[in-house]
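Novice: Please see the structure below; I have some questions.
The values are calculated or read from the model by the stated rules, or taken from the named source; none is laboratory data. All values derive from a computational prediction rather than experimental measurement. Using ideal geometry, Cβ is built from the backbone for each residue, glycine included, and neighbour counts are taken over all protein chains shown. For the accessible areas, the whole protein counts, side chains as well, though only heavy atoms, and no ligand, DNA or RNA atoms are used. Shrake-Rupley method; radii C 1.70, N 1.55, O 1.52, S 1.80 Å.
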Amino acid sequence: MLVMAGQISKKPLSVLSAGIDDLKRARLIASKEIRHILRDPISLIIAVLMPIMMTLIYGYAINLDMKNIELGIIDLDNTFQSREFGESFYVSGYFVRPKQPVTLADADKLLQGGKVDAVLTIRPGFAEALAGAEKYELGLLIDGSDGNLAIAASNYAEMILAQYILKQITAVAQRAVDMSVQVAYNQDLKSSHHFVPGLVAVILMMISALLTSVTIAREKETGTLEQLLTSPATPQEIIVGKILPYIALAFIDGLLVLLFALIVFAIPFNGSGLLLLLFGFIYVAAALSIGVLISTLVSTMQLAMMASLLVTLLPSVILSGYIFDVRNMPYALQLVSRLVPARYFIVIIRGIMLKGSDITVLWVEAAALMAICLVLLGLAVKRFRLKLR
Amino acid sequence: MLRIVSAIIKKEAIQVLRDPMMLRIIILMPLIQLFVMGYAVNFEVKDIRLAVYDLERSADSRLLQSSFVGNGLFAVRRPEPGIMDIHRGFRENIHDAAVVIQNGFARDIAAGKAGRIGFVVDGANAFSASVAIGYASRVVYHFNRQRTGLDIPLSIREKRLYNPESKTVNFMVPGIAAVLLTMIAMMLTSMAIVRERERGTLEQLMVTPLPVSALIMGKVATFALVGFVELSLCLLIGFTWFRIPFVGSWGLLYFLSFIYLFTPLGIGMLISTLARTQQQAMFFAWFFSVFAMLTGGFFTPISNMPQVVQYLTLLNPLRYYLTIVRGISMKGATIGMLLPETLALAAFGTAMLTISYLKFSKRAD
């Protein structure tokens with residue numbers, strides 16, 4: 001009886017002890033990896049400084065608040081009304097005076113050389129047109145080369161004209177409709193509120209993938225991979241052990257970037273920080289897995305870095321909805337964007353920070369991230385095991 | 001001297017062509033960038049999803065509703081009756097904006113007062129939100145004009161020059177060409193020199209009777225050629241596949257590109273004196289490219305940036321080159337119009353080349 005009991009209890013015990021071994025080996029590999037990180041201070045500095053620099057550069061440079069459009073006004077009417085009308089363009093805050101005044105003769109040349117963005121011509125008869133019913137056209141020449149700027153300039157000009165006319169009309173008659181506008185989440189319509197949370201996603205993805213992509217490639221280049229493979233550690237243990245320290249590093253990076261977003265760019269935080277951390281963890285794990293997968297595929301550190309930049313930077317910036325709306329893309333690219341982890345995390349971080357979204361809304365994105373992460377990790381382990389044989 | 005330089009060019013060209021990975025990167029990089037950016041980069045705001053909450057359902061409110069529906073600016077979604085949680089719709093990403101016509105709208109109009117409506121917009125995306133507000137005020141403005149019967153027949157006749165359909169791709173392709181020329185010239189230069197040093201072949205070259213200047217010239221000329229190939233490849237795809245226009249002078253474009261090239265080549269050489277490994281060299285080059293791209297007006301206009309950053313962009317050579325490439329290809333700008341940019345590039349090129357030559361020959365001693 002006693003012997004039987006001993007036999008029975010032996011099996012679960014051995015499974016348990018294997019589990020402890022598992023953890024221990026992964027932990028050992030992790031501590032070896034930490035030593036690698038600490039021994040290379042330049043890379044560590046880069047890993048911490050780069051996200052901060054990138055936050056500042058991207059945060060300030062990517063900005064769609066189309067202000068300061070340089071508009072030259074050629075006022076041929078030169079009446080009180082025409083001057084008042086022209087002034088309303090500059091008062092609006094969307095347009096600024098160009099550095100040099102624009103005349104009818106040099107308007108084309110200035111547009112062509114990129115010295116002004118648009119030219120408004122007020123022909124004679126503007127003041128009379130306001131009183132009478134005769135048709136009158138203002139001329140607006142726009143440098144269309146930057147389509148985005150041209151669209152904004154055109155919209156603003158129409159809006160300013162509409163407001164001006166409405167003011168004239170309501171001076172004599174009661175308007176029929178009064179519209180009050182309420183902007184949810186971002187009262188001042190600052191585009192930094194849109195872009196900076198997305199930036200956190202882009203930077204986290206890039207740094208994480210870059211960090212882990214070199215780990216296994218480094219072992220290959222220095223010839224220590226064989227040593228690692230002959231050790232009793234299993235592929236899972238090696239992969240997990242290699243990822244663990246970088247999760248911590250990437251998390252520090254993420255918190256730094258987030259801190260910058262909150263302090264420097266004054267982005268509001270309306271949701272649950274805990275939820276963001278939880279989803280951030282899944283996202284970082286997915287990003288690190290991409291790096292590990294790349295690392296198993298290439299042979300040198302240089303190729304690993306190039307590949308991880310190629311795989312993370314362009315998709316995370318262009319195909320994720322960070323700057324450009326995915327809905328406006330051709331269908332094929334929309335399909336590709338579904339494979340980009342940043343796409344899901346951008347929805348999550350924008351939702352939590354700006355709109356205070358909770359898990360009932362964001363679980364779809366979280367599930368997608370989780371699936372991507374598991375598939376990538378599985379592929380990495382499988383590739384690594386292939387190498388073993 | 002010329003013979004020596006051409007011999008070095010030959011050596012470098014063989015080295016570039018022999019490495020299949022490098023060749024692939026040189027050809028694939030413009031292709032991938034062009035196709036991803038050419039198709040995905042689009043600032044257009046279309047189909048703003050608008051939820052219409054008509055709580056009154058009178059003749060007047062329907063009329064207003066139909067002017068929101070019928071103008072093609074909004075994609076109207078009718079919410080289920082009774083559900084008024086507009087913000088939940090924003091959070092679940094069902095609609096982007098909502099218009100609410102309150103009960104009493106028609107009564108107010110009949111009484112000679114202004115009927116009140118509310119327009120709520122998801123401001124998380126500031127750009128599309130401001131466009132939505134613009135569209136809504138236009139609808140209200142037209143409605144007012146109709147109802148009051150008063151009319152001031154003032155309108156704007158607009159002409160968009162150079163890119164009448166406001167296609168983003170017309171703007172992006174010349175920009176990508178400029179960025180690629182910069183990146184390739186800089187990366188190849190910096191990495192080639194560092195590689196020779198890493199492998200110890202730089203010393204071998206140094207002990208040959210070749211003068212340092214010939215050595216540098218030969219290397220730089222090769223990568224300048226590769227840069228030109230890259231530029232041409234990019235523009236060629238732009239014209240044949242994306243059908244972007246080119247109205248300016250090819251000769252001028254290549255001449256000014258030649259002047260510009262000294263700057264990225266000089267920066268590449270400077271990097272090679274700073275970096276100890278190819279990895280570091282690539283990292284520096286890549287970091288500079290991103291910086292130059294973002295603050296050079298590649299994606300978004302410089303005038304949108306804070307004043308301090310705008311001053312900083314004056315030190316960015318790519319800024320001037322982007323103005324030149326876009327100006328020549330899209331607007332047919334002439335050298336007279338681009339004189340300030342040309343002079344800036346000439347100054348940058350001279351300075352970069354002098355500094356890097358001095359630093360390089362110092363290290364070589």
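Novice: Of all residues in the range B:103-119, count the ones that are open to solvent by 10 Å² or more (accessible area, probe 1.4 Å) and either without any contact (Cβ under 8 Å) to a residue 40 or more places away in the chain or more than 7 Å from chain A (Cβ to nearest Cβ) (or both). Quick ask: steps written out before the conclusion?
Specialist: The initial filter retains those residues of the range B:103-119 that are open to solvent by 10 Å² or more (accessible area, probe 1.4 Å), namely B:103, B:106-114, B:116, B:118.
Filter once more, keeping what is either without any contact (Cβ under 8 Å) to a residue 40 or more places away in the chain or more than 7 Å from chain A (Cβ to nearest Cβ) (or both): B:103, B:106-108, B:110-114, B:116, B:118.
Residues in the range B:103-119 being open to solvent by 10 Å² or more (accessible area, probe 1.4 Å) and either without any contact (Cβ under 8 Å) to a residue 40 or more places away in the chain or more than 7 Å from chain A (Cβ to nearest Cβ) (or both): 11 in total.
Novice: Identify the single condition in (1) out of contact with any Pro (no Cβ under 9 Å at 6 or more places or on another chain); (2) at pLDDT 90 or above that B:Tyr260 does not satisfy, given that it satisfies every other one.
Specialist: (1)
Novice: Right, next: Report the residue count in the range B:172-190 for those that are open to solvent by 20 Å² or more (accessible area, probe 1.4 Å) and touching a Gly at 6+ places or on another chain (Cβ under 8 Å).
Specialist: We begin by selecting, within the range B:172-190, every residue open to solvent by 20 Å² or more (accessible area, probe 1.4 Å); these are B:183, B:187.
Then keep just the ones that are touching a Gly at 6+ places or on another chain (Cβ under 8 Å); that gives B:187.
Final tally of qualifying residues: 1.
Novice: Of the residues A:Leu244, A:Leu309, only one is surrounded by fewer than 22 Cβ atoms within 10 Å (Cβ to Cβ), out of contact with any helix residue (DSSP H, G or I) (no Cβ under 6 Å at 6 or more places or on another chain) and part of a helix (DSSP H, G or I); which? Even if it seems obvious, please write down each step before you answer.
Specialist: Numbers: A:Leu244 fails: out of contact with any helix residue (DSSP H, G or I) (no Cβ under 6 Å at 6 or more places or on another chain).
Unique residue meeting the criteria: A:Leu309.
Novice: Name the residues in the range B:111-156 that are basic (Lys, Arg) and assigned to a helix (DSSP H, G or I), would you?
Specialist: B:Arg138, B:Arg145, B:Arg147
Novice: If you don't mind, there's one more thing I want to ask. Identify all residues within the range A:225-240 that are among the hydroxyl-bearing types (Ser, Thr, Tyr) and farther than 16 Å from A:Ser31 by Cα; write none if there are none.
Specialist: Result: A:Thr230, A:Thr234.
Novice: Return the residue satisfying two criteria in turn: it lies in the range A:326-343 and is open to solvent by 60 Å² or more (accessible area, probe 1.4 Å) and under 24 Å from A:Asn63 (Cα atoms), and of such residues it is modelled with the highest pLDDT.
Specialist: A:Arg343
Novice: When you scan the range B:270-277, do you find a residue that is in contact with an Asp or Glu (Cβ under 7 Å, 6 or more places away or on another chain), over 22 Å from B:Ile335 (Cβ atoms) and surrounded by fewer than 21 Cβ atoms within 10 Å (Cβ to Cβ), even just one?
Specialist: Yes, there is a match, as at least one residue in the range B:270-277 is in contact with an Asp or Glu (Cβ under 7 Å, 6 or more places away or on another chain), over 22 Å from B:Ile335 (Cβ atoms) and surrounded by fewer than 21 Cβ atoms within 10 Å (Cβ to Cβ).
Novice: Here is a check on your reading of the model: is B:Thr182 at pLDDT 90 or above, away from chain A (no Cβ under 14 Å), closer than 23 Å to B:Phe288 by Cα and in a helix (DSSP H, G or I)?
Specialist: Here the answer is yes, as B:Thr182 does meet what is asked.
Novice: Would you mind listing the strands (runs of 3 or more DSSP E) fully within the range A:96-193 where at least 3 residues are more than 7 Å from chain B (Cβ to nearest Cβ)?
Specialist: A:118-122
Novice: What is the one condition in (1) among the hydrophobic types (A, V, I, L, M, F, W, C); (2) surrounded by fewer than 22 Cβ atoms within 10 Å (Cβ to Cβ); (3) in contact with a Gly (Cβ under 6 Å, 6 or more places away or on another chain) that B:Leu315 does not satisfy?
Specialist: Unmet for B:Leu315, out of (1) among the hydrophobic types (A, V, I, L, M, F, W, C); (2) surrounded by fewer than 22 Cβ atoms within 10 Å (Cβ to Cβ); (3) in contact with a Gly (Cβ under 6 Å, 6 or more places away or on another chain): (3).
Novice: Does B:Val45 satisfy the criteria of being closer than 29 Å to A:Met179 by Cβ and more than 8 Å from every other protein chain (Cβ to nearest Cβ)?
Specialist: Criteria not met by B:Val45.
Novice: Of the numbered conditions (1) part of a helix (DSSP H, G or I); (2) within 20 Å of A:Leu225 (Cβ to Cβ), A:Ser299 fails exactly one; give the number of that condition.
Specialist: It is condition (1) that A:Ser299 fails.
Novice: Within the set of pairs 6+ apart or on separate chains, which have a first residue in the range B:283-304 that is under 19 Å from A:Ile207 (Cα atoms), a second that is of a type in the set (Ser, Thr, Tyr), and C-beta atoms under 6 Å apart?
Specialist: Pairs that qualify, where the first residue is under 19 Å from A:Ile207 (Cα atoms) and the partner is of a type in the set (Ser, Thr, Tyr), are B:Ala285/B:Ser190.
Novice: What strands (runs of 3 or more DSSP E), lying completely within the range B:1-102, carry at least 1 residues that are open to solvent by 50 Å² or more (accessible area, probe 1.4 Å) and hydrophobic (A, V, I, L, M, F, W, C)?
Specialist: In the range B:1-102, no matching strands (runs of 3 or more DSSP E) lie anywhere.
Novice: Out of the residues in the range B:159-169 that are crowded, with 20+ Cβ neighbours inside 10 Å and at the interface with chain A (Cβ under 7 Å from one of its Cβ atoms), which is farthest from the chain's Cα centre (by Cα)?
Specialist: Selected residue: B:Arg160.
Novice: Right, next: Can you report the number of residues in the range A:224-271 which are of a type in the set (D, E, K, R) and modelled with pLDDT of 85 or more? Full working, then the answer.
Specialist: Our first condition is that a residue be of a type in the set (D, E, K, R); within the range A:224-271, this holds for A:226, A:237, A:242, A:253.
Cutting the leftovers down to modelled with pLDDT of 85 or more gives us A:253.
Adding up the residues that qualify gives 1.
Novice: A:Leu28 - would you say it is exposed (fewer than 13 other Cβ atoms within 10 Å of the Cβ), part of a helix (DSSP H, G or I) and either among the polar types (S, T, N, Q) or modelled with pLDDT of 75 or more (or both)?
Specialist: Taking the combined requirement at face value, the residue does not satisfy it.
Novice: Another one. Quick one: which residue in A:Asp22, A:Asp75 is at pLDDT below 75 and touching a helix residue (DSSP H, G or I) at 6+ places or on another chain (Cβ under 7 Å)?
Specialist: Values: A:Asp75 fails: at pLDDT below 75.
Matching residue, one of A:Asp22, A:Asp75: A:Asp22.
Novice: Just for the range B:320-346: of the residues that are more than 10 Å from chain A (Cβ to nearest Cβ) and open to solvent by 60 Å² or more (accessible area, probe 1.4 Å), which one is nearest to B:Ile271 (Cα to Cα)?
Specialist: Across the range B:320-346, the extreme among qualifying residues is B:Leu343.
Novice: Right, something else. Is the range B:209-225 home to any residue that is without any contact (Cβ under 8 Å) to a residue 60 or more places away in the chain, of a type in the set (Val, Ile, Thr) and away from chain A (no Cβ under 14 Å)?
Specialist: Looking for residues that are without any contact (Cβ under 8 Å) to a residue 60 or more places away in the chain, of a type in the set (Val, Ile, Thr) and away from chain A (no Cβ under 14 Å), one finds at least one in the range B:209-225, hence yes.
Novice: Just to verify a result, which residue in the range B:135-150, among those that are within 7 Å of chain A (Cβ to nearest Cβ) and surrounded by fewer than 18 Cβ atoms within 10 Å (Cβ to Cβ), is farthest from B:Leu55 (Cα to Cα)?
Specialist: B:Leu150
Novice: Examine the range B:287-301 for a residue that is open to solvent by 30 Å² or more (accessible area, probe 1.4 Å) and either among the polar types (S, T, N, Q) or over 20 Å from the mean Cα position of the chain (by Cα) (or both), and state whether such a residue exists.
Specialist: No, the range B:287-301 contains no residue that is open to solvent by 30 Å² or more (accessible area, probe 1.4 Å) and either among the polar types (S, T, N, Q) or over 20 Å from the mean Cα position of the chain (by Cα) (or both).
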